[in-house]
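Quick notes on the structure that follows.
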Amino acid sequence: MTRLSATIARLAAMRAIHPIQPAAGGPSRLADFDAFGTNPGALRAKIYVPDQIAEKPALVVVLHGCTQNAAGYDCGSGWSQLADEHGFLLLFPEQRRANNPNLCFNWFSPADNARDRGEALSIREMIMAMVDTHGADPSRTFMTGLSAGGAMTSVMLASYPELFAGGAIIAGLPHGSASNIPQALEAMREAGAFSTKDLGDRVRRASNHDGPWPRISIWHGSADATVSSTNADAILAQWLSVHGLEPAPDASEQIAGHRRRVWNDAAGRPLIEDYRIANMGHGTPLATTGRDACGMAMPHMLEAGISSTRRIASSWGLLETRTERKFAQSGGQGQEGTPTLPVARISRLEALPSEASRSTVSGTAEAEKIIHDALRAAGLMQ
């Protein structure tokens, strides 16, 4: 309980420094997308459809972190900038305050973190609606997310592996890390001591999948004080087990001072990439100047001299030039005349989102009351 109290106190202090920010960077480039299904998780859906889209365009699903929303994360990450350049579609599921007062996806809640339940099912419905409505290529659907969004990305890749060709987990946690608030807070502090096989089994048990598994990209700051980088180690172990790969990487290199390791399939194609961003805190790594500039630095969107957005998109084969792929008019779904996202260089910011939220907490009534009272006192629950 002492360690849990310390974690709550740290999150409360960070929340005071970086309060919830509804948006950033000016007007949203995203459009509402309402007719997508029964929506059992009560999420919002935002989309971006460029003025010109590729034939059978890829779909990238992007999940924001706590204290963020879809528009702010798009502005910071630069995903719609790349969609304009390369003609793919974007889907941004968005949390509601009624579900979680800090706008975290409920990756730790059994009502939301399993196949055909709650928020996970809502996101699946959004994806299928994008295929039906906008002609997204179902064989080229990808997903990425930061922090709580990264943890929910782990949930989706495990629960619906048949939907995704690849996924990128940024400052997130492995699937099966927690099923209530205390477990979530402890997992954020340090990943549990699970065997590689146990971690892999948590993915294998999440569905009846018997086909190929998604490719995985892992990103984590070495100085992350909000979600321990031991969770990146656990995510790596989890997917090494799922893919049946050995612990030793097939390649290792330094990029802009950051370590990248790669594990390949039998044909030499990357199945897992692991990026550790030196001296970076909790957030999405950006390069906001130079040839690869993309996005804008802001809280949890951190200048690191390396663009995770561009590198993730490139690993998924999305950065083909316009001459390499046929384009079609989108029928006015994009926001015509929207300027390229601004580029700014801001000093590195470290922060972070509280992962606490609504959930049914297991354990005794006394423990539940202590935890909830502490979270409310810290401003992390209502």
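Filtered by the rule that a residue be among the hydrophobic types (A, V, I, L, M, F, W, C), out of contact with any Lys or Arg (no Cβ under 6 Å at 6 or more places or on another chain) and modelled with pLDDT under 95, segment 49-75 gives a lone residue, Ile53. Listed by first and then second residue, the pairs linking a residue in segment 94-111 that is within 14 Å of His64 (Cα to Cα) and in contact (Cβ under 8 Å) with a residue 40 or more places away in the chain to a residue that is β-branched (Val, Ile, Thr) and surrounded by 24 or more Cβ atoms within 10 Å (Cβ to Cβ), with Cβ atoms under 7 Å apart and 6 or more places separating them unless they lie on different chains, are Asn102/Thr67; Leu103/Thr67; Trp107/Val155.
Restricting to segment 250-273, give me the number of residues that are touching a strand residue (DSSP E or B) at 6+ places or on another chain (Cβ under 6 Å) and in a loop (DSSP other than H, G, I, E, B).
Applying the first criterion (touching a strand residue (DSSP E or B) at 6+ places or on another chain (Cβ under 6 Å)) to segment 250-273 yields 250-253, 258-265, 270-273.
Now restrict to residues that are in a loop (DSSP other than H, G, I, E, B): 250, 265.
Residues in segment 250-273 being touching a strand residue (DSSP E or B) at 6+ places or on another chain (Cβ under 6 Å) and in a loop (DSSP other than H, G, I, E, B): 2 in total.
Of the set (1) at pLDDT 95 or above; (2) within 23 Å of Ala171 (Cα to Cα); (3) surrounded by fewer than 22 Cβ atoms within 10 Å (Cβ to Cβ), all apply to Pro40 but (2). No other residue among Thr340, Thr288 is among the polar types (S, T, N, Q), modelled with pLDDT under 95 and over 21 Å from Leu63 (Cβ atoms) apart from Thr340. Restricting segment 214-247 to residues that are of a type in the set (Ser, Thr, Tyr) and not in a loop (DSSP other than H, G, I, E, B), which is nearest to the chain's Cα centre (by Cα)? So the residue we want is Ser217. Of the residues examined, Ser222 is one that is within 24 Å of His282 (Cβ to Cβ) and touching a strand residue (DSSP E or B) at 6+ places or on another chain (Cβ under 6 Å). Scanning segment 112-148 for residues that are in a loop (DSSP other than H, G, I, E, B) and out of contact with any strand residue (DSSP E or B) (no Cβ under 9 Å at 6 or more places or on another chain) returns Asp112, Asn113, Ala114, Arg115, Asp116, Arg117, Ser139.
Being aromatic (Phe, Trp, Tyr), at pLDDT 95 or above, within 19 Å of the chain's Cα centre (by Cα) and within 26 Å of Pro285 (Cα to Cα) is a condition met by no residue of segment 151-160. Could you look through segment 156-197, keep only residues that are in contact with a helix residue (DSSP H, G or I) (Cβ under 8 Å, 6 or more places away or on another chain), of a type in the set (S, T, N, Q) and farther than 16 Å from Ile123 by Cα, and pick out the one that is surrounded by the most Cβ atoms within 10 Å (Cβ to Cβ)? The extreme case among them is Ser177. When every residue of segment 281-291 is checked against the conditions, at least one turns out to be closer than 24 Å to Ser80 by Cα, polar (S, T, N, Q) and touching a Gly at 6+ places or on another chain (Cβ under 8 Å). Scanning segment 314-337 for residues that are at pLDDT below 95, at negative phi and either more than 25 Å from the chain's Cα centre (by Cα) or among the aliphatic types (A, V, I, L, M) (or both) gives Leu319, Thr321, Arg322, Thr323, Glu324, Arg325, Lys326, Phe327, Ala328, Gln329, Ser330, Glu336. Taking the criterion of being surrounded by fewer than 23 Cβ atoms within 10 Å (Cβ to Cβ) and assigned to a loop (DSSP other than H, G, I, E, B), the residues of segment 85-111 that qualify are Arg96, Arg97, Ala98, Asn99, Pro101, Pro110, Ala111. Which of the residues belonging to segment 274-305 are under 20 Å from Ser154 (Cα atoms) and outside any strand (DSSP E or B)? If the condition is that a residue be under 20 Å from Ser154 (Cα atoms) and outside any strand (DSSP E or B), then His282, Gly283, His300 are the ones that fit.
Of all residues being within 17 Å of the chain's Cα centre (by Cα) and among the polar types (S, T, N, Q) in segment 288-313, which is nearest to Asp137 (Cα to Cα)? Just the residue, please. The residue in question is Thr309.
Of all the residues in segment 166-213, those that are at pLDDT 95 or above, in a loop (DSSP other than H, G, I, E, B), among the hydrophobic types (A, V, I, L, M, F, W, C) and more than 15 Å from the chain's Cα centre (by Cα) number 3.
In the set Asp116, Asp137, Asp112, Asp74, only one residue is under 14 Å from Pro40 (Cβ atoms) and in contact with a Leu (Cβ under 9 Å, 6 or more places away or on another chain); that residue is Asp112.
The values are calculated or read from the model by the stated rules, or taken from the named source; none is laboratory data. Nothing here was measured: the structure is a model prediction, and the numbers come from that model. Here Cβ is always computed from backbone atoms with ideal geometry, including for glycine, and neighbour counts include all displayed protein chains.
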